[in-house]
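A short write-up of the structure that comes next.
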Amino acid sequence: MRIRVAVFASGNGTNAERLFEFYRDHPSIKIELLFCNNPQAQVIIRAEKWLIPVILFDRQELMNSQVVQNTLKVKEIDWIALAGFLWLLPSNILSDYPNKIVNLHPALLPKYGGKGMYGRHVHEAVINSGDNQSGITIHMVDEEYDRGRIVFQAKCEVEQHDTPESLAEKIHELEYEYLPTTLEKLILEEEP
């Protein structure tokens, strides 16, 4: 039996696309759907290229109705991967997927996490702090931004000449390398 994964994304979608590619021919894990809250997001085009069905939704459908939750149930989704998704998930979805929702964060948590800490904002904060290391954190999702149990971190050097853009490139390399394999390891360890 294949484990069915839904990816949630809001933007460009390079990490989501890396998941689509990695799991395309996987023997036991399949990316079933992309959930997206931004009808203009580039990730939609990426999903269509990989023949991944796209579910568009708005804040009302996520937070104040059962639309997203019911779609997850009907499609028999086993795991959720957040790959650049900027909203908190509501408690009804969190309770349906205990320890089965994973998020990728572009910095070393617990620093540089929380509401508003995404993309360029994170990289600017790291550079402005004078820290000489940054990296990625893959963590379980709970009811607060970036506070769930950390399952994996990878680091890179922050050099004096780094800009938010050059640091983002280093972070992307770590994301592309480690998100698919870390998710795979988590799923295969948890599933019978």
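The values are calculated or read from the model by the stated rules, or taken from the named source; none is laboratory data. Computed from a predicted model, the values in this text were never measured in an experiment. We place every Cβ from the backbone using ideal geometry, glycine too, and count neighbours over all the protein chains shown. Surface areas here come from the heavy atoms of the whole protein model, side chains and all, with no ligands, DNA or RNA. Shrake-Rupley method; radii C 1.70, N 1.55, O 1.52, S 1.80 Å.
Looking at the structure I just gave you, is residue 122 in a strand (DSSP E or B), closer than 17 Å to residue 153 by Cα and within 18 Å of the chain's Cα centre (by Cα)? Considered against the rule, which asks whether it is in a strand (DSSP E or B), closer than 17 Å to residue 153 by Cα and within 18 Å of the chain's Cα centre (by Cα), residue 122 comes out as no. Listed conditions (1) farther than 20 Å from residue 14 by Cα; (2) touching a strand residue (DSSP E or B) at 6+ places or on another chain (Cβ under 9 Å); (3) open to solvent by 40 Å² or more (accessible area, probe 1.4 Å); (4) not acidic (Asp, Glu) are all met by residue 126, apart from (3).
Take residue 112 and decide whether it is buried (at least 18 other Cβ atoms within 10 Å of the Cβ) and among the aromatic types (Phe, Trp, Tyr). The answer is yes for residue 112. Residues in region 148-192 that are in a strand (DSSP E or B) and either of a type in the set (A, V, I, L, M, F, W, C) or closer than 18 Å to residue 83 by Cβ (or both): 150, 151, 152, 153, 154, 156. Among the residues of region 141-182, those identified as polar (S, T, N, Q) and either in contact with a Lys or Arg (Cβ under 8 Å, 6 or more places away or on another chain) or open to solvent by 50 Å² or more (accessible area, probe 1.4 Å) (or both) are 153, 160, 163, 181.
Yes/no matrix, rows are residues, columns are (1) farther than 16 Å from residue 183 by Cβ; (2) under 14 Å from the mean Cα position of the chain (by Cα); (3) surrounded by fewer than 21 Cβ atoms within 10 Å (Cβ to Cβ):
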position: 10; (1), (2), (3): yes, yes, yes
position: 15; (1), (2), (3): no, yes, no
position: 37; (1), (2), (3): yes, yes, yes
position: 42; (1), (2), (3): yes, no, yes
position: 55; (1), (2), (3): yes, no, yes
position: 65; (1), (2), (3): yes, no, yes
position: 73; (1), (2), (3): yes, no, yes
position: 80; (1), (2), (3): no, yes, no
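Please name all residue pairs, on different chains or six or more residues apart, with Cβ atoms under 6 Å, provided the first residue is in region 153-164 and is within 13 Å of residue 124 (Cα to Cα) and the second residue is hydroxyl-bearing (Ser, Thr, Tyr) and buried (at least 17 other Cβ atoms within 10 Å of the Cβ). That search, which allows pairs on different chains as well, returns 158/134.
Can you work out which of the residues in region 44-53 that are under 18 Å from residue 5 (Cα atoms) and hydrophobic (A, V, I, L, M, F, W, C) is surrounded by the most Cβ atoms within 10 Å (Cβ to Cβ)? Taking the candidates together, the pick is 47. For residue 19, state whether it is of a type in the set (A, V, I, L, M) and assigned to a helix (DSSP H, G or I). Yes, satisfied. If you check 86, 94, 104 for being closer than 18 Å to residue 134 by Cα and open to solvent by 10 Å² or more (accessible area, probe 1.4 Å), only one passes: 104.
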